[in-house]
Amino acid sequence: MANSRLFIRQYKLSLTVIAINLGCIAGLSLSVEHSINSKIPLPINEEKYQQNQPQNIPKFKVEIPQQQQKANQKLVGKLVQEEAKSLNFSVPLQFQGKTIREVKIKSEQKVIALTFDDGPWQNTTVQVLDILKQETIKATFFVVGKSIKNHPHIIKQVVADGHAIGNHTWSHQYHQYSSAHAAREFNQTADLIYKLTGVKTSLFRPPAGILNNGLVSYAHQQKYAVIMWSVDSKDWRSRHITVQGLIDSTLKAAQPGGIVLMHDGGGDRSKTVEALPKLIAELKKQGYQFVTVPELLEMEANENKRLHVTP
Ligand SMILES: [Zn+2]
């Protein structure tokens, strides 16, 4: 019995090594609550979204340099330690099937969560990842299924870098959804995320923050945590906002426990990329620490637990 368990464990580990060598690394998955009374933001121009989808995406080739293989082997040890924590993370009950736009941190911790929507996107997602790595910051990416299909190597990188992933539908449309159509949008995306990264996410963000077109009600039924935002960088305004304007909008609304809306895909995000290092520097100056949405939720859940413990 013990031998067969050991065999299964070694077999699983071998699969993990293979998965990593293919660039698949497990990351965080998660969820959430709260009430919402946010204004629905102007949607990103859908036509523009479609037009901006890069064409003729080169096929991803699996070529692993020796140096990279060594780095991957190191990562295996780390991954095994974190395996239970990341893959088996379960969403705290109070957040399942709820909508949240910020969390209430009662302690003095000044934390904030950066979120990036509409990727993976050629160039800009990688640029955002480079900046986050340089700043040693983890963020949360709400990804679009058909973009993942076009950029499988980028989503693998997002997870390998330790960022959290959320579902942002397959096709990023704004119309009314039947339950069956909503199910397809969720499941196709969730299946591809899982296939490429091993992550099962239970975070969802509705395209353009639309709450009443059938997607959010489906998400609630399926116990997804619907993650909105409390800080709008307004980078979706694209040509109608300056880099400084984007930074100012974010800093003006930033508060501890806040969730910041930004975009790494869906159009020209060069302003987001340009603003990001300056924004991070300013928030750091103000004493903020950066966490993922799952970490933010966990913080609130733990605080609630502590508050309910009777002496
Ligand atoms: Zn979006």
task = Tabulate in residue order the Karplus-calculated ³J(HN,Hα) for segment 112-124, using 6.51 cos²θ - 1.76 cosθ + 1.60 with θ = phi - 60°, rounded to whole Hz; enter x for Gly and Pro.
result = 8, 10, 7, 10, 10, 10, 6, x, x, 10, 4, 6, 5
query = Using the Kirkwood radius built from alpha carbon pairs, what does the Stokes-Einstein equation give as D for segment 157-311 at 37 °C and 0.692 mPa s, in µm² per second?
reply = 189 µm²/s
ask   = Using only the Cα atoms, what convex hull volume per residue in Å³ does segment 143-192 have?
value = 65 Å³
inquiry  = Net charge around residue 269, counting only other residues with Cβ within less than 9 Å of its Cβ (Lys, Arg = +1; Asp, Glu = -1)?
reply    = -3
ask   = Roughly how big is segment 104-153's charge dipole about its Cα centre, with Cβ charges of +1 (Lys, Arg) and -1 (Asp, Glu), in debye to the nearest 20?
value = 200 debye
note = In the neighbourhood of residue 185 defined by beta carbon distances under 13 Å, the net charge of the other residues (Lys, Arg +1; Asp, Glu -1) is +2
task = Would you mind checking 98/149; 138/223; 110/223; 223/285 for any pair whose Cα atoms are more than 30 angstrom apart?
result = 223/285
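A short reminder: the numbers here are calculations on the coordinates, not readings from a lab. Remember, predicted model here, so these are calculated numbers, not experimental data. Reconstructed Cβ throughout: ideal geometry from the backbone, glycine too, with neighbour counts over all protein chains shown.
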